[in-house]
Amino acid sequence: DLKTESEIKKAVYQNCFTQEKPAVKQVEKEYRKFAANREIQKTIDKIKSFGSKVVYYQSDITNFNKLASLMETIRDKVGHITAVIHGAGVLHDKLIIDKTLDQLEMVFNTKVTGIVNLLEVLKQDPIKYLVLFSSVSARFGNKGQSDYAMANEILNKIAQVQAQKRADCKVTSINWGPWDGGMVTTSIKREFEKNNINVIPVDVGAKCIVKELVSDYNMPVEVVIDAGYKNAGKELFQGEDGFDSEGEFYGKNIQLDNYFVLKDHVLGEKPVVPLSLVSEWIGSGALHENPGMTFFGFDSLRVLNGIKMGNGYNKSVWVVANKGCYNGSLFEVDVRIKNSPNGNSSRIFSSAKAILKSNSQNSGKLKSFKKPVYKQYHRSVSDVYEKILFHGPMLQGLKEITGYSVSGMSAIVSAAPPPSKWEAAPIRAKWLCDPLIMDSAFQLACLWCFEQTGNVSIPSYCDRYRQYIEHFPTSAISVFLKTNKLSKHKLNADFTFVDQDSKVIATLNGYEATIDNSLNYAFKADGIKI
């Protein structure tokens, strides 16, 4: 009949120990056993009250034989298993220098060995939902949690692999911030409060799980859900996708049918919006409510979902921007491209932080560029567009490929015509960051990947873009690609945009592209020899 935490702890102190004065940690550990049992029983009773049958078992998921035996028992009682939520985890928070191997293995194996065993014993079951509980420590790290962070990041990557293998299964790895319960004891919660860190309310966390379960199968596999910091403005759960209702103060609906340029950007028989056009929308969204500002670039432009047109696909998108704030002398605005301005079913296609500056800020003198020495490229531009790239006439911006090597490539590219030539209802009279020049740079990267690997690529991420002039010149300019890292499936590179006077007018750093053999069929590159 005891109800409160203090009442139960007092009873634990008086009845569960033989020694005179148990340590506070011992009392806390015993109390948590009672609290957990009560919570489990409460949940079972609630589910039963809705007419469902409930079976509750315990097992060590790091013990394969015990787990396999248990699953057979469950199948005999209720049939095949169709949904899995892997929420197991233990903590032994210590600095690396103080952590024992046994502690590391306990933390690591509960997550990693556990999920490996689960997936093995369930490989014949028709799993429709697979939810893995990861942690924000996997994304951002946390003091004393090197093992926990490592194990949770492996969970994230296992989820990515499973999502590719299981076409009919909704796979999600949720990188949770701290909850108001579970591993977060009263003492840990007090530490969070000292550091102004909010905890996720249990009912809100549960709603977030359900939201992920019913979301589109094409949504990102890895999700971060965190309650954020106190006194840092509106919290995540008060608004949609991290933007509160007051923050999403600008939304522009873009009708994709108005963009006749998209007929020349058809990938796999469906028109697809190029990232270069998305970057233009990002800049326009940021500038709309910030008069007196000039577009200066963007940070962390990320492709989350491709924007496809046609039956069953998108007919319009929304450009949604928040209020923005100064970071030093520059003004930053978070912008997202979504399928609807708000609501629980909104899908985010791309996101970025637009960088603006005041009109009075001088960019300074343009720097000169020393051109790298490349060898002559062996294909003509006409061959490139006829046999490798899929881009139609309006997007064929490569005019001359001026050099090629194992470390880079260069080309002369054309500027885009006025927006009115590409779309029926232009957002602006002039382009902010010329989308044809930008797209031509991405085409150059695709071509370089093909020559190096035999496979083409598509852009997925741009870390930092800076434009040192307000508008690109209408005359042809040169683009220089410098590769940083190449792996089987990813390219990381930098671009430098140079005018006819060899002055740097823009730079794009940390460009990433996905390389995949399956893209060759959607391009024209299948069967072409490198």
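Brief remarks follow.
- Exposure of Met438 as accessible area (Å², to 10), given a probe of 1.4 Å and all protein chains: 10
- Within the shell of other residues whose beta carbon sits under 14 angstrom from the beta carbon of Ile74, the net charge comes to +1, with Lys and Arg scored +1 and Asp and Glu -1.
- Placing unit charges on the Cβ atoms of the charged side chains and taking the dipole of region 378-530 about its Cα centre, the candidate lying farthest along the positive direction among Leu436, Ala425, Thr507 is Thr507.
- Amide H partners (placed H, <5 Å) of Glu400, local residues excluded: Ile412
- When the solvent-accessible area of region 89-164 is split by element, carbon and sulfur atoms take up 59 percent of it, the probe being 1.4 Å.
- If R0 equals 41 Å, the separation of the Cβ atoms of Ala476 and Gln255 corresponds to a calculated FRET efficiency of about 0.85.
- Centroid-to-centroid, using Cα positions, region 1-47 and region 99-125 are 28 Å apart.
- Net length gained if the chain between Ala206 and Ala35 were fully extended (0.36 nm per residue, minus Cα distance): 59.7 nm
- Counting only Cβ charges, +1 for Lys and Arg and -1 for Asp and Glu, the dipole size of the chain around its Cα centre is about 300 debye.
- Straight-line reach from Lys53: taking Cα to Cα under 26 Å and skipping same-chain neighbours fewer than 8 places apart, the lysines in range are Lys33, Lys42, Lys66, Lys77, Lys123, Lys128, Lys170, Lys207, Lys211.
- Taking a ≥ b ≥ c as the square roots of the eigenvalues of the alpha-carbon gyration tensor, region 386-478 is classed prolate because a/c is 1.5 or more and a/b outweighs b/c.
- For the chain, with +1 on Lys and Arg beta carbons and -1 on Asp and Glu, the positive-most of His288, His265, Ile225 along the dipole: His265
- Solvent-accessible surface (1.4 angstrom probe) belonging to Ser6, in square angstrom, nearest 10: 80
- Residues in region 74-94 that a label on Lys143 would reach, taking backbone N under 19 Å of a point 7 Å out along Cα→Cβ: 91-94
- Aspartates and glutamates with Cα under 14 Å of Lys387, excluding same-chain neighbours fewer than 8 positions away: Glu451, Asp526
- These residues, Arg32, Arg38, go from largest to smallest accessible area, 1.4 Å probe, as Arg38, Arg32.
- Accessible surface of Arg347 - all protein chains present, 1.4 Å probe, nearest 10 Å²: 40
- For the chain: relative contact order, % (alpha-carbon pairs under 8 angstrom, 6 or more apart): 9
- Estimated FRET transfer efficiency (Thr113, Val24; beta-carbon r; R0 30 Å; 0.05): 0.45
- Carbon/sulfur fraction of accessible area - region 294-434, other protein chains in place, 1.4 Å, %: 49
- Judged by the ratio a/c of the largest to the smallest principal axis of the C-alpha gyration tensor, region 276-336 counts as prolate, that ratio being 1.5 or greater while a/b is larger than b/c.
- Heavy-atom accessible area order for Thr110, Thr82, largest first, 1.4 Å probe: Thr82, Thr110
- Alpha-carbon centroids, region 454-483 and region 369-398: separation in whole Å: 14
- DSSP-defined antiparallel bridges as percent of all bridges, the chain, nearest 5: 80
- Prolate/oblate/rounded label for region 433-480 (Cα gyration tensor, a/c 1.5): prolate
- Separation between Cα centres of region 275-350 and region 131-154, rounded to whole Å: 30
- Accessible surface area normalised per residue over region 277-356 is 39 Å², counting heavy atoms of protein chains with a 1.4 Å rolling probe.
- Bridging of Lys371 to lysines at a Cα separation below 23 Å is possible for Lys399, Lys482, Lys485, Lys503, once same-chain residues fewer than 8 apart are set aside.
- The largest accessible area among Asp180, Asp257 belongs to the first residue in Asp257, Asp180, and the rest follow in falling order (1.4 Å probe, all chains).
The values are calculated or read from the model by the stated rules, or taken from the named source; none is laboratory data. Since we're looking at a predicted model, the values are computed, not measured. Glycine also receives a Cβ, built like all others from the backbone with ideal geometry; neighbour counts cover every protein chain displayed. Surface areas here come from the heavy atoms of the whole protein model, side chains and all, with no ligands, DNA or RNA. Shrake-Rupley method; radii C 1.70, N 1.55, O 1.52, S 1.80 Å.
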